Amino acid sequence: MINKICFKALVLSGGIFYLCGCSSIMSHSGGKEGLYSGTRANTQALGDPDTSWALKPLVALDLPFSAVMDTVFLPWDLYRNDNSLKSKVEASEKKNMEINSIIPPAKLL
């Protein structure tokens, strides 16, 4: 009887833990987005005029939980280094943009 109650409490608290900070969980399941990626995604969604009026209250409700989850994930974010193809391409493009700002590419005729 006690084991059943403990199991139900564990499942319920685990579900609440994973539902809180949903943007943080989603952003950490993809490539490296940097520090506090879930909180940043929420603030961008709140400021975006294309975000649905029905979604904005849910995003505002999720914002403090994502901030807490991002703080929990902070040591992991600082530890991991991203070697994905996406990050390598972005770094290469950034380097090319820096070179092109100094030496513009030749115009095509």
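The values are calculated or read from the model by the stated rules, or taken from the named source; none is laboratory data. In this text, all values refer to a predicted model and were calculated from it rather than measured experimentally. Every residue, glycine as well, gets a Cβ built from its backbone with ideal geometry; the counts of neighbours run over all protein chains shown.
Observations
- First in the stretch 54-79 and within 15 Å of MET26 (Cβ to Cβ), second anywhere and outside any helix (DSSP H, G or I) and aliphatic (A, V, I, L, M), Cβ under 6 Å, 6 or more apart: ASP77/LEU35
- In the stretch 16-43, the residues that are within 16 Å of LYS56 (Cα to Cα) and modelled with pLDDT of 70 or more reach residues that are part of a loop (DSSP other than H, G, I, E, B) and not polar (S, T, N, Q) with C-beta atoms within less than 8 angstrom, at least six apart or across chains, in these pairs: GLY38/GLY21; ARG40/GLU33; ARG40/GLY34; ALA41/GLU33.
- Taking the stretch 32-49 as the range and being closer than 21 Å to LEU78 by Cβ, assigned to a loop (DSSP other than H, G, I, E, B) and not small (Gly, Ala, Ser) as the test, the residues that pass are LYS32, GLU33, LEU35, TYR36.
- Breaking point among (1) assigned to a helix (DSSP H, G or I); (2) over 13 Å from the mean Cα position of the chain (by Cα), for SER52: (1)
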